[in-house]
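Written below as structure tokens is the structure these notes are about.
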Amino acid sequence: MGRRVTAVEPEKGDRVRIDLDGVPWRVVPTLAAVRARLTPGIELDRERALELHRALRATEADTRATRALARRDRTRASLDALLERRGIRPDDRKQAIKRLADAGALDDNRYAHNRAATLATRGYGDRAIRHDLEQAGAAPTVIDQAIEALTPETERLHAIVGPSPTLRDLRRLATKGFDSAALEDLAATLGFDEAA
């Protein structure tokens, strides 16, 4: 027979103290206590203790995932990789990611569109943007849609170089992921010969 929960008392920082048989036992996150359905009068038998253990793992996964998203937006894949590095078990990672996606806090499409727009504004070409989104774990179709939503690369290229670009400007843009054919066309239009 297990011991009985005699009190669930608030503590600092969204935590509660659990008393068993009138003796303080453990301080746990409030969400874990709620998930494990710990209330005064409940017997803490083996099954309920396992339920609390699972609730603690799920709460840790949710907390770490939420904190990661509070710092910056991510893809599902990059959040999963981060949680894996933090030692969160696969099933707990999967559930935390699902809960955040269902709540709208995690959205690969939104991430890809926002990131692509940011990189385009910073003067990067489609190739560099595609590479960045691939590294973040976005799906190929999501990447394609994000890039298609941008101002066409040739228009961005003309806006960046302005009315009197130099060959050095074009070389610099080649390192920022712009299409070589578009750069060559622009160079030819401006009268730069390839030997230069």
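The values are calculated or read from the model by the stated rules, or taken from the named source; none is laboratory data. Please read all numbers here as calculations on a predicted model, not as lab measurements. Here the Cβ positions follow ideal geometry from the backbone for every residue, glycine too, while neighbour counts run over all protein chains shown.
Is it the case, given these coordinates, that ARG64 is on the phi < 0 side of the Ramachandran plot, part of a strand (DSSP E or B) and not assigned by TED's automatic domain parsing to the domain that holds PRO140? In short, no.
Here's the yes/no breakdown for (1) of a type outside the set (S, T, N, Q); (2) in a loop (DSSP other than H, G, I, E, B); (3) surrounded by 12 or more Cβ atoms within 10 Å (Cβ to Cβ):
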residue: ALA146; (1), (2), (3): yes, no, yes
residue: THR154; (1), (2), (3): no, no, yes
residue: ALA159; (1), (2), (3): yes, no, no
residue: SER164; (1), (2), (3): no, yes, no
residue: LEU170; (1), (2), (3): yes, no, yes
residue: LYS176; (1), (2), (3): yes, yes, yes
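If you take the residues of the range 178-196 that are within 30 Å of ARG110 (Cβ to Cβ) and not small (Gly, Ala, Ser), which of them is surrounded by the most Cβ atoms within 10 Å (Cβ to Cβ)? Quick ask: steps written out before the conclusion?
Just the residues of the range 178-196 that are within 30 Å of ARG110 (Cβ to Cβ), to begin with: 178-179, 182.
Subset that is not small (Gly, Ala, Ser): 178-179.
Values: PHE178: 24, ASP179: 16.
Looking at the filtered set, the residue picked out is PHE178.
Taking the conditions (1) in contact with a strand residue (DSSP E or B) (Cβ under 9 Å, 6 or more places away or on another chain); (2) assigned to a loop (DSSP other than H, G, I, E, B) in turn, ASP73 satisfies each one other than (1). The residues listed here are ASP92, ASP108, ASP102; of these, the one that is under 10 Å from the mean Cα position of the chain (by Cα) and without any contact (Cβ under 8 Å) to a residue 40 or more places away in the chain is ASP108.
Do we have THR75 as touching a residue at least 40 places away in the same chain (Cβ under 8 Å) and closer than 30 Å to ALA149 by Cα here? It is true that THR75 is touching a residue at least 40 places away in the same chain (Cβ under 8 Å) and closer than 30 Å to ALA149 by Cα.
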